[in-house]
There are 2 protein chains.
Amino acid sequence: MSDPIGFQCADHSTCMTTLLAQAEAHCSAVGLRLTPVRRRTLEILLAEHRALGAYDVLALLSAEGLGSQPPVAYRALDFLVKAGFAHKIEALNAYTACVHPGEDHTPTFLICRACQTVAEADTGLSKGRLGDAARAAGFVIERTVVEATGLCPDCVQKAA
Amino acid sequence: MSDPIGFQCADHSTCMTTLLAQAEAHCSAVGLRLTPVRRRTLEILLAEHRALGAYDVLALLSAEGLGSQPPVAYRALDFLVKAGFAHKIEALNAYTACVHPGEDHTPTFLICRACQTVAEADTGLSKGRLGDAARAAGFVIERTVVEATGLCPDCVQKAA
DNA sequence: ACTTTGTATGTTATAACATATCAATAGTGA
DNA sequence: TCACTATTGATATGTTATAACATACAAAGT
């Protein structure tokens, strides 16, 4: 990644294809099953650098005959999150594809409130200062949520 | 603050009283109205260093005849959050009293998954590295959510 | 006192997000 | 093939949050 905080990728179609291929490779390597629903769910998330709600995903899946009840979407999303192919954005109760899976990261998200774009950074924040503070207090961190909401570069310009 | 990340306060009853008094003072200073429902909601949150769901709060309010419908709790909680007397914990969809209101902070939370205790730190994290990263990308941060889930010192000991 | 205005509350209904449970099925390894 | 496990399908429900509208009520001006 040349741009650690990318609000755009050079070629999104390539970006998608690559990430999908990586997911497939990882699954067959580790013995996970990227079933049709799961695969399609990942494609749906990859299609946009936005966070989608579970019901948004469900609506798309359902339109393609891939299941119509909430658990279908939640199971697929949970699988992707556990496998490291997607993340949950807690501030939005929504999900987004991971843009650098495999890397052992505790991601940071920059969420644009105007265009809903989500950028994934890896600032090492939780390993650094937060980790230090926690260790000092004797707290053992298992998971971190770091999310910033605001305006992305594009929307800042539009506002001006 | 001697202990920036306090998992306990020396005397919780004093802690509560002080914070309530601060809230009252702030309200009359700024012209906000700490009505019975709002005041009681703050007391409820202050009663424990835990995050409570809106419906937990509602149940307690309701038992005291202070309103029985969801909006009652949500409005009171929204007021407290806006006024800076409480925070929403996004990872839990729950609310907790702010332990150092007035200070201009972008807080960090350490959430124990075993005892549900929430500690509020102010590591300056979002002003530091995260802020730098965002500025570099041209992103304008308006709000940050920094939450770590894991085990607090007490529960680490119990586990061992 | 009386009206105006704005803030807060009450009430009903529903949107949005998430999970429990259990039966049916398909893939996998002995 | 059989047993085992993971996955899917289906139904129902639980949980969190807000929309929409009506009413109460306090502060400020006349």
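Laboratory data are not the source of any read-out in this text; all were calculated from the coordinates shown. Keep in mind it's a predicted model, so treat the numbers as computed, not measured. Positions of Cβ are generated from backbone atoms using ideal geometry, with glycine treated the same way; all protein chains shown enter the neighbour counts.
Listing for the model above:
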| quantity | calculated |
| --- | --- |
| Antiparallel DSSP beta bridges within chain A, as percent of all bridges there, nearest 5 | 65 percent |
| Built amide H within the under 5 Å cut-off of A:A148, gap 5+ | A:F109, A:L110, A:I111, B:V145 |
| For the A-to-B rotation axis, chain A residue with nearest beta carbon and its distance in angstrom | A:E90, 2 |
| For residues of A:148-159, the mean tally of beta carbons on other chains within 10 Å | 4 |
| Assigned charges on the beta-carbon of Lys, Arg, Asp, Glu; segment A:1-91 dipole about Cα centre (debye) | 360 debye |
| Amide hydrogen neighbours beyond the local backbone of B:A94, cut-off 5 Å, H modeled | B:I89 |
| Mean separation of Cα contacts under 8 Å (6+ apart) over length of chain B, as relative contact order % | 21 percent |
| Nm distances between copies for B:C115, ranked from closest, using label points 7 Å along Cα→Cβ | 4.7 |
| Per DSSP, loop GluC sites (Glu not before Pro) in segment B:1-94 with at most 14 further Cβ within 10 Å | B:E64 |
| Alpha-carbon Rg with Dmax, taken over segment A:58-160, Å | 16.6, 52 |
| Ratio of Rg to Rh over the protein assembly as shown (Cα coordinates, Kirkwood Rh, two decimals) | 1.00 |
| Over chain B: helical MRE at 222 nm, DSSP H runs n ≥ 4 each giving -39500 (n - 2.57), nearest 500 | -13500 deg cm²/dmol |
| Calculated from backbone phi, Karplus (6.51, -1.76, 1.60) coupling profile of segment A:32-38 in Hz, x at Gly/Pro | 8, 10, 8, 5, x, 4, 5 |
| Rh (Kirkwood; distinct C-alpha pairs) - segment B:1-136, Å | 15.6 Å |
| DSSP-defined beta bridges in the protein assembly as shown - what % are antiparallel, rounded to 5 | 75 percent |
| Approximate spin-label separation B:S62-A:T17, in nm, with each point projected 7 Å along Cα-to-Cβ | 5.6 nm |
| Rounded to the nearest 20 debye, dipole of chain B from Cβ charges on Lys, Arg, Asp, Glu | 360 debye |
